[in-house]
Amino acid sequence: MRVVVVGAGPAGMAAARTAADAGAEVTVVDSEPEAGGQYLRGRARLRHPGVTHLKNTEAWLVEDRTLHLRGPRQLPFDALVIATGAYDRPLPFPGWDGPGVITAGAAQTLAKQGVVLGRRVIVSGTGPFLLPVAAALQDLGATLVGVYEANSPAGWLREGKAVAANRHKITELARYRKVVRHLRTRTAVIAKHGDRVTVAKLDDQWRPVGHRTEHADLVCTGHGFLPRTDLVPEAERTHDFLNVDARQRTSVPGVYAAGEVTGIGGADLAEAEGVVAGAAAAGREPPRAALEAVRRGRLFAEALGRVHAVRPGWRTWLTRETTVCRCEQVQLADLGDATTMRELKLTSRVAMGRCQGRICARNAAELTGVPFDGQRRVVAVPIPLGELADLTEETS
Amino acid sequence: MKVTFNGLPREVSHVAELLPGRFFCGIGVCFGCVAEINGVPEVRACRHPLRDGDRIRTTS
């Protein structure tokens, strides 16, 4: 049994170890130089009997039961586990494409390398992930001007079942109490010009109801996460997260998914899903404890999605000149009145640049009312034409 | 790290400091930080561990 796992974060590592322990021959493909993913960046080891770890390796296409890697190289598999994680969804506002604005995830990644890009910093967005980011920046000596949560945490009061099943999450939050005094809710950065940052109080739909100016040289922004689902463009999904059954199977035969590609619920849920996917991929019954951890974790993930959802009022933060697509410099005024995503791309060039819409496509769809067709690309990462040409010669 | 950025000597602790307004997602998704590094074109700088002597170019 050949199991290939893409991604070496908490989900991918758990899937690989579990599948190997069940007797499968496991290969982990990961684009980073070390295992751990974004969460355990540089703090994880993936050395396990029966597991081969391909570092610095990008996968770009799944074709039947073969995974294509940059190189080029092909990996045949009996079962594939997609554990490619997620990245921050940034919402545009005037100035978000200028200096001194990065994603909260970028700030966290830099902080793990001991680097802060500013002295006076603001963290703005929605979700509990903002707190560890703020704490990491403060630990490195930055002055925390504010931590702005666009939603109201009062929403958690309606989520008693999810909270009761995940008390350890509340304990985790207690670690960040030193940044909680900087936390302002129903608040967001809605513009930045130089170091002048416009901070708005929001209504429950995120429309500004008043604003003030703060001074900061770095704004770290993240309004939830978008999954990295490029390798299985045809797989069924909900809000772009991959649909999976109780065995972590996607709608594509032989393809499993684990971790944040299926929904955002934290590293412990990702790891439990990895255990379930790894066992199932190797043809074993998943351990009951892991199945139970997934059930509990999903309650939390669903509640998180409700309490910290992106509300439509953000669309009023932009002016006609605000950049929507950073790659192609497309402004709000350029978006026009397309009715499909394809038409929108062809008429405005939004989502047609280097990032292939990873940052802007969802936002552009919501700004125009065009139905979002998910992140569907034939090729998951940019490949030099020479490499494709070599491939054609080899296989024809 | 002592590097050369667009032909000029710079001393930085991270490649992000060289690319304000372009270094954005930090994990290779947004392609904002694409640069020529040590003669290799189209490198996402955020995925490149910076070393002394590196040559980074964003203009041709």
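Given C-alpha coordinates of the range B:2-57, what is the ratio Rg to Rh with the Kirkwood estimate of Rh?
0.92
From the helices alone, meaning DSSP H stretches of at least four residues, give me the mean residue ellipticity at 222 nm for chain A, per-run term -39500 (n - 2.57), in deg cm²/dmol to the nearest 500.
Calculated at 222 nm, the ellipticity per residue is -8000 deg cm²/dmol.
Lone cysteines in chain A, defined as no other cysteine's Cβ under 4.7 Å from theirs: which are they?
Lacking a cysteine Cβ partner under 4.7 Å: A:C220, A:C327, A:C355.
For chain A, give me the percentage of DSSP beta bridges that are antiparallel, rounded to the nearest 5 percent.
Percent antiparallel among DSSP bridges in chain A is about 45.
Given the convex hull over the Cα atoms of chain A, what projected area results after averaging over all orientations, in nm²?
19.4 nm²
Long-range amide H contacts for A:S124: which residues qualify at under 5 Å (H placed 1.01 Å from N, peptide plane, sequence gap of 5 or more or a different chain)?
For A:S124, the qualifying residues are A:Y148, A:C220, A:T221, A:G222.
How big is the gap, in Å, between the Cα center of the range A:115-190 and the Cα center of the range A:191-218?
When both Cα centres are located, 17 Å separates them.
Taking each residue of A:353-365 in turn, how many C-beta atoms of other protein chains fall within 10 Å of its C-beta, and what is the average?
2
Taking every pair of distinct Cα atoms and averaging 1/r, then inverting, what Kirkwood hydrodynamic radius in Å comes out for the range A:319-368?
Radius from the Kirkwood sum: 10.3 Å.
In whole Hz, with x marking every Gly and Pro, tabulate ³J(HN,Hα) for the range A:202-208 from phi via Karplus 6.51 cos²θ - 1.76 cosθ + 1.60, θ = phi - 60°.
These are the phi-based 3J(HN,Hα) values: 10, 7, 6, 9, 6, 7, x Hz.
Quick one: if you take sqrt(5λ) for each eigenvalue of the C-alpha gyration tensor of the range A:129-273, what semi-axes come out, biggest first, whole angstrom?
33, 19, 16
Sort A:236-246, A:2-12 by packing, meaning the average of other beta carbons within 10 Å per residue, with the highest value first.
Per-residue mean Cβ counts within 10 Å order the peptides as A:2-12, A:236-246.
Is there a quick way to get the dipole size of the protein assembly as shown? I mean about its Cα centre, with the Cβ of Lys and Arg at +1 and of Asp and Glu at -1; what is the value in debye to the nearest 20?
Using Cβ point charges on Lys, Arg, Asp and Glu, the protein assembly as shown gives about 1520 debye.
For A:V28, which sequence-distant residues (separation of 5 or more, or a different chain) have an amide H within less than 5 Å of its own amide H, given hydrogens modelled in the peptide plane?
For A:V28, the qualifying residues are A:V5, A:T52, A:H53, A:L54.
Taking the Cβ of each residue in A:K345, A:K55 as the centre, tally the other Cβ atoms inside 10 Å and list the residues starting with the fewest.
Lowest to highest Cβ neighbour count: A:K55, A:K345.
Counting only complete DSSP H runs, which helices of chain A cover 18 Å or more along their long axis at the Cα atoms and score a mean Kyte-Doolittle of 0.5 or above?
The qualifying helices are A:267-281.
Cross-link partners among lysines for A:K169, C-alpha distance below 21 Å, same-chain residues fewer than 8 apart left out?
A:K161, A:K178
Beyond 17 Å, what percent of the Cα pairs of the range A:289-396 remain?
So the pairs more than 17 Å apart make up 65 percent of the total in the range A:289-396.
Around A:F225, which amide H atoms from residues at least 5 apart in sequence, or from another chain, sit under 5 Å from its own amide H, with H modelled in the peptide plane?
Residues meeting the amide H criterion: A:R89.
Across peptide A:112-124, what mean number of C-beta atoms from other chains lies inside 10 Å of a residue's C-beta?
Rounded to a whole number, the mean comes out at 2.
Run the simple label-point estimate for A:N243 and B:T59 please: 7 Å along Cα→C-beta, distance reported in nm.
For A:N243 paired with B:T59, the spin-label model returns 5.2 nm.
Each residue of the range A:143-160 in turn: what ³J(HN,Hα) in whole Hz from Karplus with 6.51, -1.76, 1.60 and θ = phi - 60°, glycine and Pro shown as x?
8, 7, 6, x, 10, 10, 9, 6, 8, 10, x, 4, x, 5, 5, 8, 10, x
Per residue of A:95-105, count partner chain C-beta atoms within 10 Å of its C-beta, then hand back the mean as an integer.
Across A:95-105, the average partner-chain Cβ count within 10 Å equals 4.
Pop a pseudo-label 7 angstrom from the Cα along the beta-carbon direction at both A:R65 and B:H48 and give the gap in nm to one decimal.
4.1 nm
Only the coordinates and a few stated rules stand behind these numbers; no lab work does. Remember, it's a predicted structure, so these values are computed and weren't measured experimentally. Backbone-built Cβ (ideal geometry, glycine too); neighbour counts: all protein chains shown.
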